[in-house]
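Below is one structure; the comments refer to it alone.
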Amino acid sequence: KAGVTQTPRYLIKTRGQQVTLSCSPISGHRSVSWYQQTPGQGLQFLFEYFSETQRNKGNFPGRFSGRQFSNSRSEMNVSTLELGDSALYLCASSLESGTGSLEQYFGPGTRLTVT
Amino acid sequence: GQSLEQPSEVTAVEGAIVQINCTYQTSGFYGLSWYQQHDGGAPTFLSYNGLDGLEETGRFSSFLSRSDSYGYLLLQELQMKDSASYFCAVYSYNQGGKLIFGQGTELSVKP
């Protein structure tokens, strides 16, 4: 089975721009979660999608948004980029939502640099 | 609030045994997971404990004590390739349910 894929792998953007990141989960997995990873803050939960519905959201401003399509693929969008948004953005999939998310499979991440 | 505590760094020698502890403070606790992340790589799932006790998977074992809000990851017969960051994560029913990660423990295995 193919693993979780994320595109693009690297991205450089300027402050004020917006960005869209894409994630394709493992086939059959219906839950997709997004995380932001930075050296100082570790892995921070952004949101989780299941069956095209956002199930939960972390403590991030409204500039961070996402969606999930009927084939379980997910996108996250960050508008009005700030320098502090520079991070590794990880997508993880699991078979089910809720407690099923204890066993998640991560993609390689998108390294976003905001200048 | 919800928090997880784990040591920031651990050093051990090849062939040794190392234990990485994780204490958590959360309500609505359901289970504890462990993830490994090599430098520049993605986190990979290692194990999950939903009930008290020890779960063994090859050289790795994970333990949970719900009454003590404590768990650990035990790595035996350490190999150089085990050098990585190890994260504990808890699932909490609070706030709609989500996986909360610790800050990670960087394990260095020396020859």
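The values are calculated or read from the model by the stated rules, or taken from the named source; none is laboratory data. What you see is a predicted model, and the numbers here were worked out from it, not measured in a lab. As a convention, Cβ positions derive from the backbone with ideal geometry for all residues, glycine included, and neighbour counts pool all protein chains shown.
When residues of the range A:7-31 are filtered for being within 20 Å of residue A:85 (Cβ to Cβ) and either polar (S, T, N, Q) or at pLDDT below 95 (or both), how many remain? Don't jump to the end; show me each part of the working.
Pass one, the range A:7-31, residues within 20 Å of residue A:85 (Cβ to Cβ): A:7-23.
This time we only want the ones that are either polar (S, T, N, Q) or at pLDDT below 95 (or both), so: A:7, A:14, A:17-18, A:20, A:22.
Residues flagged as within 20 Å of residue A:85 (Cβ to Cβ) and either polar (S, T, N, Q) or at pLDDT below 95 (or both) within the range A:7-31 amount to 6.
Going residue by residue through the range A:53-60, is there one that turns out to be of a type outside the set (Lys, Arg), surrounded by 21 or more Cβ atoms within 10 Å (Cβ to Cβ), under 24 Å from residue B:97 (Cβ atoms) and out of contact with any Lys or Arg (no Cβ under 7 Å at 6 or more places or on another chain)?
Let us first name the residues in the range A:53-60 that are of a type outside the set (Lys, Arg), namely A:53-54, A:56, A:58-60.
When the remaining residues are screened for being surrounded by 21 or more Cβ atoms within 10 Å (Cβ to Cβ), the result is none.
Among the residues of the range A:53-60, not one is of a type outside the set (Lys, Arg), surrounded by 21 or more Cβ atoms within 10 Å (Cβ to Cβ), under 24 Å from residue B:97 (Cβ atoms) and out of contact with any Lys or Arg (no Cβ under 7 Å at 6 or more places or on another chain), which makes the answer no.
Just give me the residues in the range A:99-113 being in contact (Cβ under 8 Å) with a residue 40 or more places away in the chain and farther than 14 Å from residue B:101 by Cα, in sequence order.
Residues of the range A:99-113 that are in contact (Cβ under 8 Å) with a residue 40 or more places away in the chain, as a first pass: A:100-101, A:104-113.
Passing the criteria: A:100, A:105, A:107, A:108, A:109, A:110, A:111, A:112, A:113.
Look at the range A:32-62 and say how many of its residues are in contact with a helix residue (DSSP H, G or I) (Cβ under 7 Å, 6 or more places away or on another chain) and within 16 Å of residue A:5 (Cβ to Cβ).
Adding up the residues that qualify gives 1.
Have a look at B:44, B:57 and point out the one that is free of Cβ contacts under 8 Å to residues at least 40 places away in the same chain and closer than 18 Å to residue A:99 by Cα.
B:44
Tell me, which residue of the range A:73-104 that is in a loop (DSSP other than H, G, I, E, B) and at pLDDT 95 or above is nearest to the other protein chains (Cβ to nearest Cβ)?
In the first step, residues of the range A:73-104 are kept if they are in a loop (DSSP other than H, G, I, E, B); the result is A:73, A:79-82, A:86, A:95-97, A:103-104.
Narrowing further to those that are at pLDDT 95 or above: A:73, A:79-82, A:86.
On the way: A:73: 18, A:79: 23, A:80: 25, A:81: 23, A:82: 23, A:86: 16 Å.
Per the stated criteria, the residue is A:86.
Please state which of the following conditions residue A:109 fails to meet, knowing it meets all the rest: (1) within 11 Å of another protein chain (Cβ to nearest Cβ); (2) at negative phi.
The failed condition is (2).
Does at least one position in the range B:6-21 carry a residue that is closer than 23 Å to residue A:42 by Cα, within 13 Å of the chain's Cα centre (by Cα) and without any contact (Cβ under 8 Å) to a residue 60 or more places away in the chain?
So far as the range B:6-21 goes, yes, one or more of its residues are closer than 23 Å to residue A:42 by Cα, within 13 Å of the chain's Cα centre (by Cα) and without any contact (Cβ under 8 Å) to a residue 60 or more places away in the chain.
Taking the condition within 11 Å of another protein chain (Cβ to nearest Cβ) and outside any strand (DSSP E or B), does residue B:42 pass?
Numbers: within 11 Å of another protein chain (Cβ to nearest Cβ): yes; outside any strand (DSSP E or B): yes.
Yes.
Could you check how many residues of the range B:12-39 are away from chain A (no Cβ under 11 Å) and of a type in the set (S, T, N, Q)?
6
So which residues in the range A:30-46 are within 9 Å of another protein chain (Cβ to nearest Cβ), touching a Phe, Trp or Tyr at 6+ places or on another chain (Cβ under 7 Å) and over 15 Å from residue B:42 (Cβ atoms), if there are any at all?
A:44, A:45
With respect to residue B:109, is the statement that it is assigned to a strand (DSSP E or B), more than 9 Å from chain A (Cβ to nearest Cβ) and not charged (D, E, K, R) true? First the steps, then the outcome.
Working: assigned to a strand (DSSP E or B): yes; more than 9 Å from chain A (Cβ to nearest Cβ): yes; not charged (D, E, K, R): yes.
The answer is yes for residue B:109.
Considering the range A:7-22 alone, what residues qualify as being within 12 Å of chain B (Cβ to nearest Cβ) and crowded, with 20+ Cβ neighbours inside 10 Å?
none
Conditions first: (1) free of Cβ contacts under 8 Å to residues at least 24 places away in the same chain; (2) part of a strand (DSSP E or B). Residue A:59 passes all but one, so which condition is the exception?
Checking residue A:59 against (1) free of Cβ contacts under 8 Å to residues at least 24 places away in the same chain; (2) part of a strand (DSSP E or B), the one that fails is (2).
For the range B:50-89, give me each residue that is within 13 Å of chain A (Cβ to nearest Cβ) and more than 15 Å from residue B:20 (Cα to Cα).
Step one: list which residues in the range B:50-89 are within 13 Å of chain A (Cβ to nearest Cβ), which gives B:50-51, B:55, B:57, B:62, B:64, B:71, B:85-89.
B:50, B:51, B:57 - these are the residues of the range B:50-89 that are within 13 Å of chain A (Cβ to nearest Cβ) and more than 15 Å from residue B:20 (Cα to Cα).
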